[in-house]
1. Could you list, in sequence order, all residues of the range 31-68 that are surrounded by 12 or more Cβ atoms within 10 Å (Cβ to Cβ) and assigned to a loop (DSSP other than H, G, I, E, B)?
2. Go through the range 1-30 and report how many residues are aliphatic (A, V, I, L, M) and either at pLDDT below 95 or part of a loop (DSSP other than H, G, I, E, B) (or both).
3. Condition test on Val65, is it in contact with a His (Cβ under 8 Å, 6 or more places away or on another chain) and within 18 Å of Ile6 (Cα to Cα)?
4. (1) touching a helix residue (DSSP H, G or I) at 6+ places or on another chain (Cβ under 7 Å); (2) small (Gly, Ala, Ser); (3) in contact (Cβ under 8 Å) with a residue 24 or more places away in the chain: which one isn't true of Gly30, the others all being true?
Amino acid sequence: MGKLPIGNHIRKLRFNHDEMTQQQLAEKAGVTRQTIVALEQGKYSPSLELAFRIALVFASPLEEVFFIENKEEFI
């Protein structure tokens, strides 16, 4: 079974939260800016803990931040 392709709305959420920078999000989530860059570009899938931390920063449910792309292929 292949890896689930996880997408996210981080860039849009940052923009909608007073145009938060990648660095600001990184500091709030406790990671490096490079981690945020990799997440936004889809090059890195977060741990469950990091996914929840990012969702908490945006005060959004996890499903509004992260999603499975083409989930029909996996059902």
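The values are calculated or read from the model by the stated rules, or taken from the named source; none is laboratory data. Since the model is a prediction, treat every value here as computed from it, not as a measurement. Neighbour counts are summed over all protein chains in view; Cβ atoms, including those assigned to glycine, are modelled from backbone coordinates with ideal geometry.
1. Across the range 31-68, the qualifying residues are Val31, Thr32, Gly42, Tyr44, Ser45, Pro46, Phe58, Ser60.
2. Of the residues in the range 1-30, the ones aliphatic (A, V, I, L, M) are 1, 4, 6, 10, 13, 20, 25-26, 29.
Keeping just the survivors that are either at pLDDT below 95 or part of a loop (DSSP other than H, G, I, E, B) (or both) gives 1, 4, 6, 20.
Residues in the range 1-30 being aliphatic (A, V, I, L, M) and either at pLDDT below 95 or part of a loop (DSSP other than H, G, I, E, B) (or both): 4 in total.
3. Details: in contact with a His (Cβ under 8 Å, 6 or more places away or on another chain): yes; within 18 Å of Ile6 (Cα to Cα): yes.
Yes.
4. Checking Gly30 against (1) touching a helix residue (DSSP H, G or I) at 6+ places or on another chain (Cβ under 7 Å); (2) small (Gly, Ala, Ser); (3) in contact (Cβ under 8 Å) with a residue 24 or more places away in the chain, the one that fails is (3).
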